[in-house]
Ligand SMILES: [Zn+2]
């Protein structure tokens, strides 16, 4: 495996927003040494990267994702949720193995281009092999589970039995867990209680526990659906129902977590389950605003996610973090909440811990080398070397990211994806997306 000696990087301290200039040696996929000066004699085979004026941050963890949706972000713009869901299923049905492969690849590459090094994916079972191959080819760190449902929310919800959900989870586990030199891990990912029976939720949780896997689900995303679940369980909310079913613990990730009572926030804090904040989706499809500030106040280590691009339209974690921070400041009338350091931690170490990594999410000796470098002196909007971390979050976007490593492997350099012909991928995907739009009847043939 290649070694890299990164010279004079300004490593971000997310506690006090200061930086310290250090050399970083990456070897065997890890931060082998971090010091004021590392001589090339110590690592004669290393490639040297000059990181003068570059801010170094841990790689971002996108903790709630549906990557194949990158092919269907346009046709789902500005729709009410019922129409949005029907159209989503129509597009999913119309996509081929090749569509899934290239959609997954495109989304992973754009996520990495913007500094994301880990994706927690709630994927589909159809086209599984093509999807997993694309994650492997992209080389991004991945936790992968399939969305399962057994309660019809509408006439197009795909329903399977509990036994079939377990069988599919077994297959995903065999095909995913440990793949790509351990970069890929399996999870279970039942869609959420509005579309999942208590029996399926409990069976998948028990199955995941036997293997030490993450349970990844939606929680409290739609107001009406949340109220329906509460009524069905005779409880006050969806998180109460998950607690009743025994689902909530530190291995459970709860995407959105919007429609929760203060009592349910206490339940989440006590059980150590992890909410995943996806603000762009929450705003764009009018889900509502989660109580992130109150969660943080209770010490809940909230993670962040870009969700699917059919609802968020972006895989840019910096934009996601900024949106979340602004939204919480506005809703609480408190500008101190989700400060830049807290937000970057939600985008990195909180996500890594949520996914079960003890050696990921920070730039520390011995940790896995998932790293982002941002050149702070080639962008007019980022100018001010005394306030780099805040400026990157509030004034920047993922386009500012210059260099990205995943497990010590160089993925982005000089703002270009490595190992792929970006121009070819863009042309190919443009053509495929256009054909898909025509095939589904939402765009007329040329
Ligand atoms: Zn989702």
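Every number in this text was worked out from the coordinates using simple rules, so none of it is lab data. The structure presented is a predicted model; accordingly, all values stated were derived computationally and were not measured. Heads up, the Cβs are rebuilt from the backbone with ideal geometry, glycines too, and the neighbour counts pull from every protein chain shown.
Can you work out the PRE-style zone for residue 15? Point 7 Å along Cα to Cβ, and I want the residues of region 322-354 with backbone N under 11 Å.
none
Would you list 63, 108 from fewest to most Cβ contacts within 10 Å?
Ordered from fewest to most neighbouring Cβ atoms within 10 Å, 63, 108 come out as 108, 63.
What percent do you get for the relative contact order of the chain when only Cα pairs under 8 Å and 6+ apart count?
Reported relative contact order: 20 percent.
Counting each DSSP H run of 4 or more residues in the chain as -39500 (n - 2.57), what helix-only mean residue ellipticity at 222 nm follows after dividing by all residues, to the nearest 500 deg cm²/dmol?
When only DSSP H runs of four or more count, the value is -11500 deg cm²/dmol.
Measure off 7 Å from each Cα along the Cα-to-Cβ vector at residue 378 and residue 419, then give the distance between these two points in nanometres to one decimal.
Label-label distance for residue 378 and residue 419, simple model: 2.2 nm.
Ranked highest first by the average count of other Cβ atoms within 10 Å around their residues, in what order do 226-232, 240-246 fall?
Packing proxy ranking, top to bottom: 240-246, 226-232.
If the chain between residue 286 and residue 164 were fully stretched, how many nm would it gain, using 0.36 nm times the residue separation less the Cα-Cα distance?
Extra length available between residue 286 and residue 164 comes to 40.6 nm.
Return the percentage of antiparallel bridges among DSSP beta bridges fully within the chain, rounded to the nearest 5 %.
45 percent
At 0.36 nm per residue, and after removing the present C-alpha to C-alpha distance, how many nm does the segment from residue 97 to residue 270 gain when stretched out fully?
So the chain would gain 58.0 nm between residue 97 and residue 270.
Rank the residues 247, 300 as a footprinting-exposure proxy: fewest other Cβ atoms within 10 Å of their Cβ go first.
Least to most surrounded, the residues fall as 300, 247.
Tell me, what is the FRET efficiency for residue 197 and residue 434 to the nearest 0.05, using R0 = 56 angstrom and their Cβ-Cβ distance as r?
Computed FRET efficiency for residue 197 and residue 434: 0.90.
Dividing the convex hull volume of the Cα atoms of region 60-354 by its residue count, what figure in Å³ per residue is obtained?
Expressed per residue, the convex hull around the Cα atoms of region 60-354 is 112 Å³.
With 10 angstrom as the radius, rank 424, 100 by how many other C-beta atoms surround their C-beta, starting from the fewest.
Ranked by crowding around the Cβ, least crowded first: 424, 100.
Starting with the highest mean, order 149-155, 188-194 by the number of other Cβ atoms within 10 Å, averaged over the residues of each peptide.
Final packing ranking: 188-194, 149-155.
For labels at residue 399 and residue 174 in the simple 7 Å Cα→Cβ model, what's the distance in nm?
The answer from the label model is 4.7 nm.
Please state the shape class of region 342-385: rounded when a/c is under 1.5, otherwise prolate if a/b exceeds b/c and oblate if not, all from the C-alpha gyration tensor.
The shape class here is prolate.
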